[in-house]
Amino acid sequence: EKPSCPLTYELIGRADELAGGAGRLWLSGQERSNLMGAIEREGISISPDLRPEQNFFERSDNYAFAVRGIVAQTFSTYNMHQDYHQVTDEWDTLDYEHMEVASREAYRIARLIADGEIDPAWLVGGKPRGRGGFAGSFRALASLLANRDHSLDKKMNSSEDTTATQELSSEAVPS
């Protein structure tokens, strides 16, 4: 049986002022499905992803489900803080009150989906195409590296390398 709507919930340790501050979540890929509108109709305040150039929808764990046709999106409050993946990103830098409020909102949304009150669906043109994810990108990169002993001129003119490069581009970022 296929999941109804896997939700990824990540990077919520700090409030994002762009999303409205403490307790507010943002949704990646909001333009792709009916989820944002359905959430708002239920009276839950949520922000769209205000950093689309960061491609959070494609970079998050939800994407592996999405490219298989399953509506799957990510809630976050990641505010691009400088401690991300640094040794300074410790428990004492987290905003626990914010995390509690954001978690309660995420639970309300998940409950509405589980109870069938929200029926997630792709909007026209919103469903990602291709295999996507890291596995597809890795295969394309491996193909390029396997041919690394070719000269740069040969790589630029080789149909095999051009195909691998095109595959990497099309899988890493959906069109």
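Key figures for this structure:
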| read-out | value |
| --- | --- |
| Relative contact order computed over region 1-54 (Cα-Cα under 8 Å; 6+ residues apart), in percent | 32 percent |
| Protection-proxy order for peptides 33-44, 60-71, each taking the mean of Cβ atoms within 10 Å per residue, highest first | 60-71, 33-44 |
| 14 Å beta-carbon shell around Phe56, net charge (K/R +1, D/E -1) | -4 |
| Modelled FRET efficiency - R0 35 Å, Glu117 with Ala64, Cβ distances, 0.05 increments | 0.85 |
| Net charge, Gly21 excluded, C-beta distance under 15 Å - Lys, Arg +1, Asp, Glu -1 | -4 |
| Sequence of His98, His81 when ordered by accessible area, the most exposed leading, probe 1.4 angstrom | His81, His98 |
| Carbon plus sulfur fraction of accessible area for region 43-104, probe 1.4 Å, in percent | 51 percent |
| 9 Å beta-carbon shell around Thr93, net charge (K/R +1, D/E -1) | -4 |
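The values are calculated or read from the model by the stated rules, or taken from the named source; none is laboratory data. What you see is a predicted model; the values in this text were computed from it and never measured. Glycine also receives a Cβ, built like all others from the backbone with ideal geometry; neighbour counts cover every protein chain displayed. Accessible surface is based on the protein model in full, side chains and every heavy atom, while ligands, DNA and RNA are left aside. Shrake-Rupley method; radii C 1.70, N 1.55, O 1.52, S 1.80 Å.
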